[in-house]
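I have placed the structure first, in the form of structure tokens, so that the comments after it can refer back to it.
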Amino acid sequence: MLTLHTGRELVLDWDGGPSVPHGAVAVRGDRIAAIGALDVLRERFPTARVRSWPGVLGPGRVHDGALPGAPSPRERVHAVLTTGGVAVVAGHLTDPALRSAAERAGVLVRPDGRPLTLAESARADLAAFDGDPRAGAPGECLVTVCAGRIVHRRR
């Protein structure tokens with residue numbers, strides 16, 4: 001099953017990279033199958049499910065800090081997912097239970113806080129925000145897609 005995730009704007013990276021108004025990311029399994037304008041991808045993948053998000057869609061975020069406090073390791077990892085985070089810097093996962101919870105959730109463990117970018121064939125880690133992260137005002141995370149799965153969705 002292929003899903004097209006789209007927003008009012010698609011940003012390929014949050015550090016000033018290119019953007020596509022009404023762009024979309026085609027996701028198959030845990031990978032990005034294609035990136036481009038929504039109308040072009042709809043023609044290319046006519047049977048794809050379309051998930052439209054009302055905000056700015058771009059790569060998931062890398063959480064570089066202590067994980068939020070919560071009663072359990074699973075809930076601490078989930079708190080990161082609700083912010084659009086799909087990766088955590090390894091130095092913040094020294095507790096084996098916390099690292100295990102992150103791995104079970106599919107969260108990437110990275111050696112540093114370098115931001116993620118969107119590219120064809122890359123792992124499908126996306127997030128949509130009702131603000132604009134490029135302007136330092138991301139607002140609320142609307143959806144987090146981690147390795148192709150929706151793991152957080154604002155109600």
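The values are calculated or read from the model by the stated rules, or taken from the named source; none is laboratory data. This is a predicted model, so every value here is computed, not measured. Note that each Cβ is placed from the backbone with ideal geometry, even for glycine, and that neighbours are counted across all protein chains shown. Just the protein is used for accessible areas: all its heavy atoms, side chains included, with ligands, DNA and RNA removed. Shrake-Rupley method; radii C 1.70, N 1.55, O 1.52, S 1.80 Å.
With both labels modelled 7 Å from their Cα along Cα-to-Cβ, the Arg28 to Arg114 distance reads 2.7 nm.
Each Cα pair under 8 Å and six or more residues apart adds its separation to the average, and for region 1-131 the resulting relative contact order is 29 percent. Remark: the Asp64-Glu103 segment gains 12.4 nm on full extension, using 0.36 nm per residue and subtracting the alpha carbon distance. Looking only at the chain, where both bridge partners belong to it, what percent of the DSSP beta bridges are antiparallel (to the nearest 5)? If I count the DSSP bridges inside the chain, around 70 percent turn out antiparallel.
Computed from phi, the 3J(HN,Hα) profile of region 52-68 under the Karplus parametrisation 6.51, -1.76, 1.60 (θ = phi - 60°) reads 9, 10, x, x, 8, 9, x, x, x, 8, 9, 7, 10, x, 4, 5, x Hz, with x in place of Gly and Pro. FRET efficiency for Val40 and Asp132, Cβ-Cβ distance as r, R0 = 30 Å, nearest 0.05? For R0 = 30 Å, the calculated efficiency reads 0.80. In this label model, Met1 and Thr94 are separated by 4.2 nm, measuring between points 7 Å along each Cα→Cβ vector. Taking Cα extents along the principal axes in Å as calculated from this structure, the corresponding entry among [x] 42, 34, 31; [y] 47, 33, 30; [z] 65, 30, 26 is [y]. Annotation: per residue accessible area for the chain equals 49 Å², rounded to a whole number [probe 1.4 Å, protein chains only].
Please check: in the Gaussian network model of the chain (C-alpha springs, under 10 Å), which one of Pro54, Pro111, Pro138 has the largest mean-square fluctuation. In this elastic network of the chain, the residue with the biggest mean-square fluctuation among Pro54, Pro111, Pro138 is Pro111. Along the Cα-to-Cβ line of Ser19, 7 Å from the Cα, sits a label point; which residues in region 131-146 have backbone N less than 17 Å from it? Once the point is set 7 Å along Cα→Cβ of Ser19, 131-143 turn out to lie under 17 Å by backbone N, inside region 131-146. Axis of helix 96-105 versus longest Cα principal axis of the chain: the two differ by about 20°, to the nearest ten degrees.
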